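This report concerns only the one structure given below.
The values are calculated or read from the model by the stated rules, or taken from the named source; none is laboratory data. Source: prediction; values computed, not measured. Positions of Cβ are generated from backbone atoms using ideal geometry, with glycine treated the same way; all protein chains shown enter the neighbour counts. These accessible areas exclude ligands, DNA and RNA; they are computed on the full protein's heavy atoms, side chains included. Shrake-Rupley method; radii C 1.70, N 1.55, O 1.52, S 1.80 Å.
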Amino acid sequence: LHESQDGIGGIEIGMPPLGRQMNGIEDEDLIIIGGRTSQGKTSLALSWLKSHTIRQEVPAAYFALEGSGAEITKRLIRMVGRIDPDDVQEGDVDRATELIDDAPLFIDDSVSADVPQVESRVRQLKIDHEVQVVYIDYLQLLKADPSQDYDKKNDRVTAKVRDLKKMARKCNVSVVLVAQLNRGVEGRTPPEPRLSDLREGGEDPADKVALVYRPEHYGITDLEDGTSTEGYGEVRLVKHRDGPTGDVSLAFVKQYSMWATQAEADPPEPQETTGPDLEPDDDMPF
């Protein structure tokens with residue numbers, strides 16, 4: 001509690017409003033990030049990862065079960081360098097790549113990983129690099145323990161999450177688990193995600209569950225108060241074992257495929273100056 005910063009006791013995620021709501025990524029947390037396809041659940045995980053590995057130098061491992069390590073690195077370069085795919089500047093790419101190379105980040109793109117294999121690799125990364133946070137993208141592609149028998153699909157999914165929670169405790173790491181929501185979200189109006197939408201369950205062992213929602217993706221142009229949904233997104237903290245739940249409004253910056261606070265998403269207004277040009281103190285582009 002004494003070491004908490006800005007009201008956040010755990011590892012900061014670079015989004016103060018959400019970080020305060022969930023108290024950051026706390027020791028041995030198991031956090032599920034859920035969302036439908038193309039809602040930005042992987043982008044949210046990478047936005048957190050970018051913040052604490054580069055800005056805070058907190059070691060992390062990222063298990064990419066869906067995409068390759070090269071694809072994940074490319075997405076991180078776009079986020080870190082604020083690089084628009086339609087206007088790529090070589091210097092920006094080099095600068096972002098250097099920051100990522102220097103970060104304590106380890107990407108594993110094994111496509112056939114199961115929970116015991118992940119735990120084995122995490123143990124080694126803990127010994128070699130003192131990894132503190134483990135990301136897994138995503139739950140439904142992670143194989144269950146082959147030595148166990150399961151009667152129902154729900155049992156298999158819940159067992160995977162429970163085993164990952166055990167891994168978090170045994171290895172003294174926090175786990176951020178990306179998960180796909182079921183199609184029931186799109187069958188309601190408005191298509192707002194709920195905790196019950198987690199495909200085949202798995203939410204019981206989790207300490208926190210955050211669901212992403214971008215109404216713009218569903219063709220909704222305005223919110224109830226008339227605010228435009230362009231670039232608007234919400235992270236709904238629907239489960240928090242040791243704290244409050246609630247919705248947090250954020251910005252989804254499509255050209256960089258990243259989540260940010262509104263202040264970070266909006267470019268600063270140009271200001272006239274009368275003195276000499278000064279170089280910024282902070283050399284990080286985000």
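For Leu211, the residues whose modelled amide H falls within less than 5 Å of its own, excluding neighbours fewer than 5 places apart on the same chain, are Gly34, Arg236, Leu237, Val238. Paramagnetic label reach from Ser110 (point 7 Å along Cα→Cβ; backbone nitrogen cut-off under 17 Å): within segment 46-62, residues 61-62. Computed from Cα atoms, the angle from the helix 41-50 axis to the main principal axis of the chain rounds to 70 degrees. Surface composition of the chain: carbon and sulfur atoms hold 43% of the protein heavy-atom accessible area at a 1.4 Å probe. Rg ratio for segment 1-75: its Cα radius of gyration over 2.2 N^0.38 Å, N being its residue count, equals 1.16. Summed over the residues of the chain and divided among them, the accessible surface reaches 52 Å² per residue at a probe radius of 1.4 Å. Computed over the chain with a Gaussian network model linking Cα atoms closer than 10 Å, the most mobile of Gly14, Gly219, Gly246 is Gly219. When the Gaussian network model of the chain links Cα atoms closer than 10 Å, the mean-square fluctuations of Leu223, Leu164, Leu76 top out at Leu223. Among [x] 37; [y] 48; [z] 32, find the value of percent of Cα pairs over 28 Å apart that was calculated from the structure presented, and write down its label. Among [x] 37; [y] 48; [z] 32, the one calculated here is [x].
Here the Gaussian network model covers the chain, with springs between Cα atoms less than 10 Å apart; of Glu234, Glu192, Glu71, Glu71 fluctuates the most.
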